[in-house]
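Remarks on the structure that follows.
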Amino acid sequence: MRRLACVTGRFQPVHGQHLELFELALREAEHLIVAVTNPDTRARHEETTSAHRHLAEANPFTYFERLRLLQAALQERGLSRHVSIVPFDLTRPETWYEYVPGRARQLVRAYSAWEREKASRLSDAGYEVTVLDGDPATRLSASDIRARLDADRSVWADLVPRAVVPVLAELLADRDRTETEEAT
């Protein structure tokens, strides 16, 4: 694997624009590392450039659940053999090279100050970083998907890859069942 790329994100949940970025990275790399940020509750810290990314409601899925969602989406697109998925705690830069080698080129699609800040941190750590300016008018936000999941679970399936729908439905059903059991 001479050419290595990395895309970092929370993937809460994974959606089509994430997959577009993965495919873009793989056009120039032999292998992609999908680095899942906020992999556990300890990794969540308030950021001045992102008011919500540390909140529990912005992180409803565990690392393992996101791994399952990502695997389904990647397999559907035929990308899974070219991708490794790793946890990536943005609050612990001293561990980054243990999960993502320093030779990996980081691709960051920037819609806000937070993504530009993340790109700066990755660059400061020695990674080569390519920032792609995102068009806010066409942005698909995982926050919007989570809002639909909370408001009306019948109107979210069109916002995620087809292969993610049954996995996400199973995760949501398990949560509903657990909440019902805990309430009784």
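Bear in mind these aren't lab numbers, they're just calculated from the coordinates by the rules spelled out. Computed from a prediction, not measured in an experiment: that's the story for all the values here. Cβ sites come from the backbone with ideal geometry, for glycine too, and all protein chains shown count toward neighbours.
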Between 0 and 90°, nearest 10: helix 164-183 axis offset from the chain longest Cα axis: 50
Tilt relative to the chain, helix 142-151 - C-alpha long axis, 0 to 90 degrees, to 10: 0
Distance histogram for the chain (every C-alpha pair counted, 10 angstrom bins, percent rounded to whole numbers): 9, 37, 38, 13, 3, 0
Selected from Gln17, Gln75, Gln106 as most flexible by GNM, with the chain as the system and alpha-carbon contacts under 10 Å: Gln75
Where labels lie 7 Å past Cα in the beta-carbon direction, separation of Arg162 and Arg103 in nm: 3.8
The range 6-38: GluC sites (Glu not before Pro) falling in loop per DSSP and having at most 15 other Cβ within 10 Å: Glu30
Rounded to 10°, Cα long-axis angle of helix 113-124 versus longest principal axis of the chain: 40
